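J.: Sharing a structure with you now.
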Amino acid sequence: MEVFFADKNKISKNAVLPFLKEEFNSLKRREEYALSRYLLDFALKNFYNIKSYSIEVKNKKPFLKDENLYFSISHSKDIALIAFDESETGVDVELMKNRDFSKFSKRFSKKFDNKKDFYKFWTELESKIKLQKKVCFFKNFEIYDYFVSVASKNRIENLTVYEMEKDECLKKLPPLS
């Protein structure tokens, strides 16, 4: 399994411009969509060597038509993140902000001792929803101030994370602990 992420502040507007869609009402949503589609396109063409592809949507979830590669997209604040695998996957990324976690503890009837506990719970819940399958396994990790959960019905043995440092330049991050 591979995870790719990009910070919109490190990618030129010209790189994502071809992926902007006017159909979204908010500028924030248009920018998130464009960044995630730029990252998707770059990974498919340059990492997986899939030069031509078609995306279809089933149950509000995008799939690659005629490919044995699955993906899931998430964004938070300035980050777009995509997980790829040979089986269906779900991913969620959240900026870890300070909050009143006692409110969430009451709402979910679960004690959150700190923000990491809460974001682990929340991103696992969101990634499970995106997977749309019974989840057996999660992989959790942090990237800068973001918490990430990847969900799969299969054991996640190897997970490699790549950061897009600038337009068309990937950096492989050290193995996750």
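The values are calculated or read from the model by the stated rules, or taken from the named source; none is laboratory data. Everything numeric here is computed off the predicted structure, so don't read it as measured data. Positions of Cβ are generated from backbone atoms using ideal geometry, with glycine treated the same way; all protein chains shown enter the neighbour counts.
J.: Can you go through K10, K45 and tell me which one is touching a Lys or Arg at 6+ places or on another chain (Cβ under 7 Å), closer than 19 Å to E168 by Cα, free of Cβ contacts under 8 Å to residues at least 24 places away in the same chain and of a type in the set (K, R)? Outline the logic, then answer.
T.: Numbers: K10 fails: free of Cβ contacts under 8 Å to residues at least 24 places away in the same chain.
Selected residue: K45, the only one of K10, K45 that is touching a Lys or Arg at 6+ places or on another chain (Cβ under 7 Å), closer than 19 Å to E168 by Cα, free of Cβ contacts under 8 Å to residues at least 24 places away in the same chain and of a type in the set (K, R).
J.: Please go through the stretch 46-75 and pick out each residue that is exposed (fewer than 14 other Cβ atoms within 10 Å of the Cβ) and either more than 24 Å from E124 (Cβ to Cβ) or among the β-branched types (V, I, T) (or both).
T.: Correct list: N46, F47, N49, K51, S52, S54, I55, E56, V57, K65, D66, N68.
J.: Output the residues belonging to the stretch 61-109 that are over 16 Å from the mean Cα position of the chain (by Cα) and on the phi > 0 side of the Ramachandran plot.
T.: Passing the criteria: D66, S109.
J.: Hey, among the residues in the stretch 126-156 that are more than 16 Å from the chain's Cα centre (by Cα) and free of Cβ contacts under 8 Å to residues at least 60 places away in the same chain, which one's nearest to E86 (Cα to Cα)? Reasoning before the result, please.
T.: Taking the stretch 126-156 and keeping what is more than 16 Å from the chain's Cα centre (by Cα), we get 133-137, 153-155.
Cutting the leftovers down to free of Cβ contacts under 8 Å to residues at least 60 places away in the same chain gives us 133-137, 155.
Numbers: K133: 15, K134: 17, V135: 16, C136: 16, F137: 15, R155: 12 Å.
For the stretch 126-156, the residue satisfying everything is R155.
J.: Working only within the stretch 21-37, note down all residues that are crowded, with 17+ Cβ neighbours inside 10 Å, farther than 19 Å from F63 by Cβ and either of a type in the set (V, I, T) or touching a helix residue (DSSP H, G or I) at 6+ places or on another chain (Cβ under 9 Å) (or both).
T.: E31, E32, A34, L35
J.: While we're on this one: Can you tell me which residue among Y162, Y119 is part of a helix (DSSP H, G or I), touching a strand residue (DSSP E or B) at 6+ places or on another chain (Cβ under 8 Å) and crowded, with 17+ Cβ neighbours inside 10 Å?
T.: Testing whether each residue is part of a helix (DSSP H, G or I), touching a strand residue (DSSP E or B) at 6+ places or on another chain (Cβ under 8 Å) and crowded, with 17+ Cβ neighbours inside 10 Å leaves just Y119.
J.: When you go through N68, N114, N98 one by one, which is the residue that is modelled with pLDDT under 95 and either in contact with a Lys or Arg (Cβ under 8 Å, 6 or more places away or on another chain) or under 28 Å from L27 (Cα atoms) (or both)?
T.: So the residue among N68, N114, N98 that is modelled with pLDDT under 95 and either in contact with a Lys or Arg (Cβ under 8 Å, 6 or more places away or on another chain) or under 28 Å from L27 (Cα atoms) (or both) is N98.
J.: Between V148, V135, which is within 27 Å of K45 (Cβ to Cβ), among the hydrophobic types (A, V, I, L, M, F, W, C) and surrounded by 15 or more Cβ atoms within 10 Å (Cβ to Cβ)? Break it down into steps so the answer makes sense when it comes.
T.: On the way: V135 fails: within 27 Å of K45 (Cβ to Cβ).
After ruling out the rest, the residue left standing is V148.
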